[in-house]
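Data first, discussion second: the structure below is written as structure tokens.
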Amino acid sequence: MENTFKDKVVVVTGGAQGIGRCIAEEFTKAGAHVCVIDKQAGDHYVGDISDKGTLETFAAYVIAKYGKIDVLVNNALPIMRGIDECSYEEFQYALSVGVTAPFYLAKLFSKHFTQGASIINISSSRDRMSQPQTESYTAAKGGIAALTHALAVSFAGKVRVNSISPGWIDTSYQVYEGPDAAQQPCGRVGNPLDIANMVMYLSTEKAGFISGENICIDGGMTRLMIYHGDNGWKLE
């Protein structure tokens, strides 16, 4: 992949750690100019994307520096709070990070996307399944999955827009065995490269006929029905 993205301009939100960091590193290795924004301190643009002013200032910074954008990866992580404890403000914050910011960045960059540019939104397999007490996160991930096909239609002919729904991704690259691995048809828990590789593929002309799509990368986990005694799982 070396020089595949030479001189391309790539923006990654939430790129200071985990999946976002892996995505940013892989694009950098491939020759891209990568602009990361994250509220965590570090050698990147520091800011909270729930704030409208921060988004406007960051977008202006990217355009002033590079004059264009080729790839936008909306990866920043919404907070996870449930119905019992989530406040109104926390729910609004999750939606601001997970849905409003991706929409507004796409709007701010709309006149600066190059022909054939790509937006990749990071959703989650939680856009189709849930655990108890996860409403803020799940709503945000469902929202960005739907936002994806809306943007794909609005940007038709210029920018392709797709989303990825990761399943169980261990950002420490831990290798799991037993039921944790067996519940996944691929036989293992995922790692950030599983997501980064798809992000990069969707950003190339090899994926030129893919737009408005949501791709679930979960080792097949959401397709496997597990009952008592299956795949090492037992009801205690």
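The values are calculated or read from the model by the stated rules, or taken from the named source; none is laboratory data. Because the structure is a prediction, the values reported are computed rather than measured. We place every Cβ from the backbone using ideal geometry, glycine too, and count neighbours over all the protein chains shown.
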Problem - Selection within segment 98-120 - under 13 Å from Val12 (Cβ atoms), among the aliphatic types (A, V, I, L, M) and not in a helix (DSSP H, G or I) - result: Ile119, Ile120
Handout entry: Boolean, Ala76 is closer than 27 Å to Asp170 by Cβ, part of a helix (DSSP H, G or I) and at pLDDT 95 or above
Key = no
Problem - The listed residue being in contact (Cβ under 8 Å) with a residue 40 or more places away in the chain, under 25 Å from Lys107 (Cβ atoms) and out of contact with any Ser or Thr (no Cβ under 8 Å at 6 or more places or on another chain), out of Lys141, Lys158 - result: Lys158
Exercise for the section: With the condition kept exactly as written, say whether any residue in segment 65-75 is in contact with a Pro (Cβ under 6 Å, 6 or more places away or on another chain) and either of a type in the set (Gly, Ala, Ser) or buried (at least 19 other Cβ atoms within 10 Å of the Cβ) (or both). Expected result: yes
Problem - Subset tally (residues that are part of a loop (DSSP other than H, G, I, E, B) and either out of contact with any Ser or Thr (no Cβ under 9 Å at 6 or more places or on another chain) or more than 17 Å from Val97 (Cβ to Cβ) (or both)) for segment 11-29 - result: 3
Exercise for the section: State yes or no: is Ser136 buried (at least 16 other Cβ atoms within 10 Å of the Cβ), assigned to a loop (DSSP other than H, G, I, E, B), at pLDDT 95 or above and polar (S, T, N, Q)? Expected result: no
